[in-house]
Amino acid sequence: MGRIHLIQHNYRAPLLRLLGLGPKFIPTKAIEQLQTLLNENTFWAKNRSKKEIKKMIAHSNSIVTMWEYQKMIGFGRATSDNTFRCVLWDIVIAEGYQNLGLGKTLIESLVNSKSIQGVEKVYLMTTNCKEFYKGCGFVEVTNQSLLVRSNNM
């Protein structure tokens, strides 16, 4: 990972969220870069506003970003009760950097972060990447159902 830098941010990621700092504490307009990363590489996180992204980060227990020099190429976050359950969210690696092992590195960094490493179960939801996550140690659960309630109706 020579030119690739992984940052495991402090709780609520204040330097990322409030100051837009990237590797080596250099201002990189990180929130704008994250917004672009999500818009260009996901279908579920398109068109999130900078205000929403900052709020999302402020309410996450663990945040990881991945950079090539000053360009954000990966992101992931988790929410947790720090004891029993954790959910991974918004795992994304930029298209040109996929299939290089970076996604697995990002996930390992998240699940090994202080607030998550001791939890009983780590959950995630995926639409298209089930086999990738199985390769990261997740197993498909068939005896539970995912139920969703949208408050935006």
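Bear in mind that the values in this text are calculations on the coordinates, not laboratory data. Quantities reported herein were computed from a predicted structural model and do not represent experimental measurements. Cβ coordinates were reconstructed from backbone atoms using ideal geometry, including for glycine residues, and neighbour counts include every protein chain displayed.
Give me the dipole magnitude in Debye, nearest 20, for region 4-134 about the Cα centre, with unit charges on the beta carbon: positive for Lys and Arg, negative for Asp and Glu.
380
As a quick test, which of the pairs Lys104/Lys134; Lys51/Lys114; Lys50/Lys71; Lys29/Lys55; Lys29/Lys50 have an alpha carbon distance above 20 angstrom in this structure?
Distance filter (> 20 Å) returns Lys51/Lys114.
So what is log10(I(q)/I(0)) for region 4-134 at q = 0.17 1/Å, when the Debye sum runs over its Cα atoms only?
Ignoring solvent entirely, the Cα scatterers give -0.86.
Just want to confirm a number: the relative contact order over the chain, from Cα pairs under 8 angstrom separated by 6+ residues, in percent. Don't skip to the end; give the middle numbers.
Details: 238 pairs, mean separation 30.8, N = 153.
Reported relative contact order: 20 percent.
Using the alpha carbons of region 28-79, what is the convex hull volume per residue in cubic angstrom, as a whole number?
On the way: hull volume 3.8 nm³, N = 52.
Spelled out: Cα convex hull of region 28-79, divided by residues, is 73 Å³.
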